[in-house]
Amino acid sequence: MPAQTAPPANADFHAALAGEAPHRDLRWVMHGALALIAVLMALASWSAWRGEQRRSADAELIRLAGRQAMLSQRLSLVATAGSDAGLAALDDALAHAQTDALRIEALLQAYDQRQLSELPPALTAAVLRWQDTRERLWYRAQNLARQGAADGPAQPPGQPLPLQAEAEQALEAADALVRQIEVYASHKSAEALQRLATAAALGALLLLGLAGALVEPMARKLRRQHGRLAEQAAQMARLALVAQRTHNAVVITDAQRRIVWANEAFTRITGYTLAEALGQSPGALLQTAETDPATVARMRAAFARGQGVRVELLNRGKDGRSYWLDIDIQPLHDAAGAISGFIAVETDITEQVYQRQRLRALFDALPTGVVEQDTAGVIVDANRAAEQVLGLTRDQLCGRTSVDERWRTVHDDLSPYPGEQHPSARSLRDGVSVRGDSMGVVTPEGEQRWLLVNSEPLRAPSGAVHGAVACFVDVTEQRAQRTLLQLALRAAAIGTWEWRPDTGQRQWSAVSCQMLGYTPEAFARLLPQWRDLIHPDDRPVVETRLRAHMDDPGMPYRCDMRVRHRAGHWVWLQAYGSVVERDAAGRAQRLVGVHIDISERKHHEAQLQASATHDALTGLPNRAALVPALQQAVARWRADPARHFALMFLDFD
């Protein structure tokens, strides 16, 4: 058989992890940090790009301003030549100067109004001076070029011209402009470097703040989550080990209730291996025709509602053996809360069910009625004898209480017997046992039944009372017979007695006590010395016959005795008795019997005896009395010849 693998992880476990979703928080934090870093880098790049653009523009301004100085010198030199070639060179230099000037103007116009207003005054003055000298130089050069083109050279070569003076001023202005642009560019470069340093510092501070405000808390959260995950993983490993090693069968199904995993206990109980059970429905695989349809319907209804259910179910194994299971089935949910399957823990309770069935059979077979009540006094169970005695079915009894108004109960004296005084109610209220309580119950048919009731509280392990059991015997017939017997004994003036030799306890009925002139209360004090009340001549006979009966049940106990009356005279009592209880060794444990006052009969017998043995006229003994006396005398003489006797006859006729 292939070894069972560990059960799949519980979907609730994943749902718990998904509920916290630390990875989502971490993802947002990392995305935010990366976005912020990207913004900082973009700003830094943009700033560097702008700075580079400005440096390029400044370098071009410096270059163009330097060329302006060079062109100014060239214009001065070309103007002194005075030849046609010089005039052509003058036009070319002038064209280049104008082109560069336009470029310089364009570069200066690239600054916005705010930047222009923030230019250093020296640079602004240098620009304005350069523009002014440039315009004058261009004006002189253009006039000279037009005049030369029309009339030829105006002055001989080498002679100073006004153009030279303007060129020198333009050269100085261009040199001054170059110097101011270099100073301004150096200043702007320093500012750019300062901004870069500031941006770097702000970026570092921002990263530190991000680390302190987000990264570190998230790291702590991840550590805590990692600890919880490790603990939950260890717990899941333990649970998986328990599920695999437990004696209870553990079965996991998918949402369609098809088996996806089962432990070794499942194989041991059902006989099916995991490979044989995979993909099958537990119901189709294990349930039989004897399985309770109502229980199956209850399970299916719970599955349809996505709820758990616990039932006791009869299944059949691979070998055909039927067995009972206590099945606890709970749904499994995925991270979205949808049902992903079911897990069932199954306990083999075959022996417990059979034991319950045996106990139920014994419970129903008891000849005495038994009812069980819960803490509220409500009847939760009753056997068949209880149904027969009380005239109600088990379903009709269940749900009733001792104080139910439908009960009609009375005491022995026929007075009402309230429900709160019933034996089971006292056991529930006071936690005491009640023995031998007599109760009259009127059945639904109107028949009064007499019950002898015992009740016992049911206690939880903590000692608290959580119910009560009442056991009762129908003594209606016995009570009727006892009543008739008591009437008969009372009518015949027959007293009863009871004696327990092992404890010496004696009980006399009221009639027996009255025979000696005592009340039961007064005579109870004399019972321990009862033997002393017997006539000394009768005492040995009483004890001999009583002992003979106790040793041999075949010897009946019957004895006539004289007992002293309270008034002092002797009363003849005839005692009958029998042993009704013996111990394992055969020793008498309990004797019961009756007393009959035979004083009057003894008196009549004495009178008859006197009439038979004495003369009615003289009162002297007659022959009936003489013959026995003579026979005794002869017997004594024969036994002892030394003894003599005399015989005298007198005739009074």
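The values are calculated or read from the model by the stated rules, or taken from the named source; none is laboratory data. All values derive from a computational prediction rather than experimental measurement. Glycine gets a Cβ as well: all are built from the backbone with ideal geometry, and neighbour counts include every protein chain shown. These area figures cover heavy atoms from the full protein model, side chains too; ligands, DNA and RNA do not enter into them. Shrake-Rupley method; radii C 1.70, N 1.55, O 1.52, S 1.80 Å.
Of the residues Trp637, Trp570, ranked by 1.4 Å probe accessible area with the largest first, the sequence reads Trp637, Trp570. Projecting the Cα atoms of Pro556, Leu526, Pro536 onto the charge dipole of the stretch 482-588 (Cβ charges, centred on the Cα centre) puts Leu526 farthest toward the positive pole. Largest first, the extents of the alpha carbon coordinates of the stretch 427-516 on the three principal axes equal 55, 43, 18 Å.
Would you mind classifying the stretch 515-635 by shape? Square roots of the alpha carbon gyration tensor eigenvalues, ordered a ≥ b ≥ c; an a/c under 1.5 is rounded, otherwise it is prolate if a/b is larger than b/c and oblate if not. The shape class here is oblate.
Trp130 sits among other residues whose Cβ lies under 10 Å from its own Cβ, and their net charge, with Lys and Arg +1 and Asp and Glu -1, is -2. Simple rule: put +1 on each Lys or Arg Cβ and -1 on each Asp or Glu Cβ in the stretch 275-366, find the dipole, and look at Ile343, Leu325, Gly306; the Cα lying farthest toward the positive end is Gly306. Mean separation of Cα pairs under 8 Å and 6 or more residues apart, divided by the residue count, gives the stretch 483-569 a relative contact order of 22 percent.
The slack between Glu477 and Asp132, meaning 0.36 nm per residue of separation minus the straight C-alpha distance, is 109.2 nm. Only the Cβ atoms of Lys and Arg (+1) and of Asp and Glu (-1) were treated as charged; on that basis the dipole of the stretch 255-303 about its Cα centre amounts to roughly 200 debye.
Each Lys or Arg adds one and each Asp or Glu takes one away; over the other residues whose Cβ falls under 15 Å from the Cβ of Val634, this sums to +2.
Think of each Lys and Arg Cβ as +1 and each Asp and Glu Cβ as -1; about the Cα centre, that makes the dipole of the stretch 540-639 roughly 240 debye.
Kirkwood analysis of the stretch 171-227, using all unique Cα-Cα pairs, places the hydrodynamic radius at 15.1 Å.
Positive end of the dipole of the stretch 360-404 (Cβ unit charges, origin at the Cα centre): among Cys398, Thr375, Ala385, the Cα lying farthest that way belongs to Ala385. Using Cβ point charges alone (K and R +1, D and E -1), the dipole size of the stretch 430-469 about the Cα centre works out to roughly 160 debye. Taking the centroid of alpha carbons for each part, the stretch 523-570 and the stretch 407-465 are 41 Å apart.
Distant-in-sequence amide contacts of Asp292, defined by a placed amide H-H separation under 5 Å and a gap of 5 or more residues or a different chain, comprise Leu314. Taking all protein chains together, Phe645, Phe266 sort by accessible area into Phe645, Phe266, largest first [probe 1.4 Å]. Using the Cβ-Cβ distance between Ala201 and Arg258 with R0 = 56 Å, the FRET efficiency computed as 1/(1 + (r/R0)^6) comes to roughly 0.30. Each of Glu105 and Ala336 was given a label point 7 Å from its Cα along the Cα-to-Cβ line. The distance between the two points is 7.1 nm.
Over all other residues within a Cβ to Cβ distance under 11 Å of Ile327, the charged ones net out to -4, with Lys and Arg as +1 and Asp and Glu as -1.
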